[in-house]
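Following: one structure in structure tokens, then a few remarks.
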Amino acid sequence: IDASDIKSPARKPRHLESRLKARNSTKQTNEGRARHEAFLAARKNKLSLRTAHVQNVVNVHRERESNLKKEKLERLASTQELASKKRQDRIDSLVSNNAQAVQRAKEVSRAQLQRRVESSAELQKSIEMNLRISASRRQRLRSIPRAKILDPQSWALQESLAVQDESASLIQNWWRKVKLIPVARLYKKLGLTRAKANSMPFTKLMNKLQSASLIKATGFVLIRAKKLSDTPITHWKTPARVILSAYMFTAHPSEICKTMDAQEKDLMDLAETLLADLEHWLAAVKSTVVGLLGKVFLNTFIKYYAAFDAWKTRDTVDIVNQLIMHFIDLDKLWISVCHQHDAQYEWAPAIQDEQSNHLKRIQGFGQDAINRLLKVRS
């Protein structure tokens, strides 16, 4: 039965009703809110102070760690710099000691070579004198009759002939020395030695070796050396430039030879020996062994020239092969485009000019290079 008109909401218990009335009062609500806000403000202030303290501690710790790391890096850098300095000092000391040892070894070797040359010269002179005396005695025994063997005049005539022969040899050696002295003085005046060449940059040394006066002086030195030879000398092509090339091989081997094989190592050793023999010969121009040192230099140069010519021939073969390959490639290019209607006007002039340039370069290497081109092209 609907009895909504007689219904009424139930009231709260008395203890709840009084409590709710007390809470709903405006005064008590404002005081509670104030206390709550004050509590929150105090809590925030405390947390901010704690956060600031933590941040300060973290900053101090980070600053301390940064300072420690910086000091550690500074000590490490200082230690590395000190170690690098000590290592460089040690290297410099080793280089200096090794350089002095090498210089001393070179001086000892040079002195031993000088003594060996002098000893060989004296021995050769003694042997030649004994052979000359033996030949004179043998000739005297053959030419003098038995009845006059004991005649002093006959023996004196043969001795005078031997003296004349020896005098002619001495005069010839003196004249060769006189002609060599101004040549050696001119070569030394130009100021080119192994030590100076090793200290020069590549470009400066190359320009120095292309000097006309140096090439001319080197040619004069070689002419004086050829006068000492007892056997006929074959014709050499630009021998003065070949001698000067030894300075490039000894001073800048890496720029001259990209790959160092056995042939090039032998060529380097011969170049070093050639320059050493040249300096020894020119330094002993006023000594009694100048003739023998000149022969040593000439023999070394003959070996060096042969090795240099073989090395240059190998490079020449490679260059000629490349030129022939380019020439054949141009032939193949013309064969591939010759069927085009405008090939005579567009392709032919350029190909002919390029082949003409290659042919001129090939002709510069001699008839053998031309024959190889004809053989490959056929």
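The values are calculated or read from the model by the stated rules, or taken from the named source; none is laboratory data. What you see is a predicted model; the values in this text were computed from it and never measured. Counting neighbours? That spans all protein chains shown, and the Cβs are built from the backbone with ideal geometry, glycine included. The area values use the complete protein model at the heavy-atom level, side chains included, leaving out ligands, DNA and RNA. Shrake-Rupley method; radii C 1.70, N 1.55, O 1.52, S 1.80 Å.
A few notes on this one:
- Only one of the numbered conditions (1) closer than 27 Å to residue 170 by Cα; (2) free of Cβ contacts under 8 Å to residues at least 60 places away in the same chain is not met by residue 339, and that is (1).
- Candidate set: segment 360-378, residues that are exposed (fewer than 14 other Cβ atoms within 10 Å of the Cβ) and in contact (Cβ under 8 Å) with a residue 12 or more places away in the chain; chosen: the one farthest from residue 318 (Cα to Cα): 377
- Check on residue 245, modelled with pLDDT of 85 or more, open to solvent by 50 Å² or more (accessible area, probe 1.4 Å) and in a helix (DSSP H, G or I): no
- Scanning segment 335-353 for residues that are modelled with pLDDT of 80 or more and either among the polar types (S, T, N, Q) or under 21 Å from residue 375 (Cβ atoms) (or both) yields 335, 336, 352.
- Residue 143 vs. criteria at pLDDT below 75, open to solvent by less than 50 Å² (accessible area, probe 1.4 Å) and over 35 Å from the mean Cα position of the chain (by Cα): no
- Filter pass, residue 279 being under 23 Å from residue 190 (Cα atoms) and either of a type in the set (A, V, I, L, M) or in contact with a helix residue (DSSP H, G or I) (Cβ under 9 Å, 6 or more places away or on another chain) (or both): yes
- A count restricted to segment 191-209 and to residues that are at pLDDT below 85 and over 17 Å from residue 271 (Cβ atoms) stands at 1.
- Taking the criterion of being part of a helix (DSSP H, G or I) and touching a residue at least 60 places away in the same chain (Cβ under 8 Å), the residues of segment 214-228 that qualify are 221, 222, 224, 225, 226.
- Residues satisfying the stated conditions in segment 185-213, i.e. touching a residue at least 24 places away in the same chain (Cβ under 8 Å), of a type in the set (A, V, I, L, M) and either exposed (fewer than 12 other Cβ atoms within 10 Å of the Cβ) or closer than 16 Å to residue 274 by Cβ (or both): 192, 197, 209
- Selection from segment 276-333 of residues that are among the polar types (S, T, N, Q), closer than 30 Å to residue 181 by Cα and assigned to a helix (DSSP H, G or I): 299, 300
- Filtered by the rule that a residue be under 18 Å from the mean Cα position of the chain (by Cα) and closer than 23 Å to residue 291 by Cα, segment 194-231 gives a lone residue, 194.
- Matching residues, segment 261-271, being surrounded by 13 or more Cβ atoms within 10 Å (Cβ to Cβ) and without any contact (Cβ under 8 Å) to a residue 40 or more places away in the chain: 268, 269, 270, 271
- Residues that are under 27 Å from residue 175 (Cα atoms) and buried (at least 19 other Cβ atoms within 10 Å of the Cβ), drawn from segment 301-311: 301
- Residues being surrounded by 10 or more Cβ atoms within 10 Å (Cβ to Cβ), out of contact with any Phe, Trp or Tyr (no Cβ under 9 Å at 6 or more places or on another chain) and not polar (S, T, N, Q) - total across segment 339-352: 3
- The set of residues in segment 176-192 being under 14 Å from residue 223 (Cβ atoms) and not β-branched (Val, Ile, Thr) consists of 176, 179, 180, 182, 184, 186, 187.
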